[in-house]
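Notes to accompany the following structure.
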Amino acid sequence: MTRARLTAAAVAGFLCAFVVFAPSSAAAESASKSVVTDLPFSESVKVGNMLYLSGQIGTMPGTDTLVKGGIEGETRQAMNNIKAILKASGYSMSNLVKCTAMLSDMSNWERFNAVYRSFFDGRFPARSTFGVTGLAMGAQVEIECVATAAP
């Protein structure tokens, strides 16, 4: 690839990232503030009819304390955190179109799926799941999602 094409691609990538992650206040709204407030991210950002949720781990809202109960307890709390963020923004679980799950131990796949499945009525969003070597605060699972409302 030529230097001009590489530069153009880099500028286009930067502009896309800027529009999605740092939109003007008129174009984006932050959802409720259930996460610890001194962390350097928004729990969600709304752009048009899209709602981008930051990854959620199994902490009690407003704290940095993971719930007890292992992978099941953390998954349940992470999903409840997602549900609360969606609700505060006028969305619901049925508005989810894509989720990405990160597991600190892929041997927990079935136990994670059993809890995750219980949050949906049979229509599941697209999903990717990755095994990772570590998550914030020693969590066993982190889930990030994208939701959309009808235009």
ask   = Does region 105-121 include one or more residues that are more than 24 Å from residue 45 (Cβ to Cβ), of a type outside the set (A, V, I, L, M) and at pLDDT below 95?
value = yes
Inset, instruction - Please verify whether region 4-11 includes one or more residues that are β-branched (Val, Ile, Thr), within 17 Å of the chain's Cα centre (by Cα) and either at pLDDT below 70 or surrounded by 14 or more Cβ atoms within 10 Å (Cβ to Cβ) (or both). - result: no
Of the residues in region 108-136, those that are free of Cβ contacts under 8 Å to residues at least 24 places away in the same chain and either among the aromatic types (Phe, Trp, Tyr) or in contact with a strand residue (DSSP E or B) (Cβ under 9 Å, 6 or more places away or on another chain) (or both) come to 109, 113, 124
A careful count of residues in region 43-55 that are surrounded by fewer than 16 Cβ atoms within 10 Å (Cβ to Cβ) and among the β-branched types (Val, Ile, Thr) gives 1
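The values are calculated or read from the model by the stated rules, or taken from the named source; none is laboratory data. All values reported here derive from a predicted model rather than from experimental measurement. Cβ: placed from backbone, ideal geometry, glycine included. Neighbour counts: every protein chain shown.
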